[in-house]
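Report on one structure; see the data block that follows.
What follows is calculated from the coordinates using simple rules that are stated; it is not laboratory data. Computed from a prediction, not measured in an experiment: that's the story for all the values here. Positions of Cβ are backbone-derived with ideal geometry, glycine not excepted, and every protein chain shown enters the neighbour counts.
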Amino acid sequence: MFALFKENVRIAMDSIKGQVLRTTLTVLIIAIGITALVGILTFLGALEKTIAGDFASMGANTFNLQRYEFNTRNNRDREKVNPVITYRNVKEFTERFQYPWAKTSVYFTGTSGAEVKFENEKTDPEVTVLGVNENYLDNTGTEIDKGRNFTYFDIENNNHVCLIGSDFTKNLFDTTDPIGQTISIRGVKFKVIGLLESKGATFRNNQDLRVLIPLQTARSMYTLPNINYGISVKVTDKQFLEGAQDEAIITFRNIRGLSPIQENNFGLERSDDLINRISNITSYLYVAAGIISIITIFGSSIALMNIMLVSVTERTREIGVRKALGAKKHTISGQFFLETVIIGQIGGVLGIILGILVGTIAAKILDFQFSLPWLAMSWAVITSFLTAVASGLYPAVKAANQDPIESLRYE
């Protein structure tokens, strides 16, 4: 049995080598479809990992109070317009919210187009400056690579100290240790006390090109009206999360002066809720990739089947000779079926390589976290095999059912 299988494989390979142009075109047809499938799945995997990683770094025991809920804050057609979270709101919240085992972080974005100077060097005007309190790093899962974090006294005394992102070591401080150096923002000097670990970028939002300064100092520098503040609360254990959320909602409703029958005019989001919503969104994209794979199977199957039917027709006399020498139907059908499967798998392997390459390049351009797409590779192997099976059955059966007398007379 094994000897027969080995012989069929040899015959199939000889046939493939004898029709190089036809085989190449067939392989490319399959590879293009597999490339599209693997490329999309690779890109989606990198996208999901990057976004989920950004939110997961905050931890499952963190929630945010913000102006809108996650699903409405980007909706331009929303009917309800919530007031911004003002400094008075966040100040009252930090004073009233005294839930045990919880730490509160307050922050706001002063600008996303700051120019940072150090001695005779300066950055492009694309640096984000945030005003934060001493709990910001812990609540957002941000680590210190070198130096120290803000202390309570740094914030309360409005010390002119700052924390900088890792990208500053590539331009301003490429040859200098930044710790202890003095930088200038809008003419205000700050002493660098800490260098943040790299967090990368998501959708062009560079987390490593930012400067964190004490909250009150930032308020004195950025005085635009209607600045929207953010509040982040982190509990020491997830079992306290529900209680902390309820207490935070009650406290903030009282601060906003809402009656018991009025709806919240602010949003509350948990980091794990955001991850679940992102997973739901990407699931639709995976469904789209599945539809692409079905189209790939259908299109490639038609092309491969037609080419194999042409091959059966051209080799009719060969089939007659084999049958005259005693070859059985299953031997003839197995020969053509194996040939189809081998062509399909060659196209699948080529498609996997090209798809991973395309997905990796796209992920690299957008600064997503790349990981080896095992799901995409599995789908590609299954898709290429199904394509070969669907395409090879009919030509194999047709070849096996050829009449040996008529086949020998075929010219």
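Things to note:
- Residues L28 and Y152, FRET efficiency given R0 of 60 Å [Cβ-Cβ distance, rounded to 0.05]: 0.40
- Each residue in T128, T86 was given a count of other beta-carbon atoms within 10 angstrom of its own, and listing them fewest first yields T86, T128.
- Order of I382, I185 - criterion: other Cβ atoms within 10 Å of each residue's Cβ, fewest first: I382, I185
- Cβ-derived FRET efficiency at R0 25 Å, Q98 paired with E69, nearest 0.05: 0.45
- For the peptides 87-93, 329-335, the ranking by mean Cβ contacts within 10 Å, running from highest to lowest, is 329-335, 87-93.
- Net lengthening on full extension, R256/Y222 (0.36 nm per residue, minus Cα-Cα): 9.8 nm
- Ascending count of other beta-carbon atoms within 10 Å, so fewest first, for W101, W379, W374: W374, W101, W379
- The K329 and I361 beta-carbon pair, evaluated with R₀ = 45 Å, returns a calculated FRET efficiency of approximately 0.40.
- Within the same chain, lysines fewer than 8 places from K398 are excluded, and of the rest, those with a Cα less than 23 Å from its Cα are K6, K17, K323, K328, K329.
- Unsatisfied cross-links (Cα-Cα over 31 Å) in the set K199/K238; K91/K238; K91/K170; K91/K122; K146/K364: K91/K170; K91/K122
- Extending 7 Å from the Cα toward the beta-carbon at both K238 and I281 defines two label points whose distance is 2.2 nm.
- Subtracting the Cα-Cα distance of H160 and V188 from 0.36 nm times their residue separation leaves 9.2 nm of extension gain.
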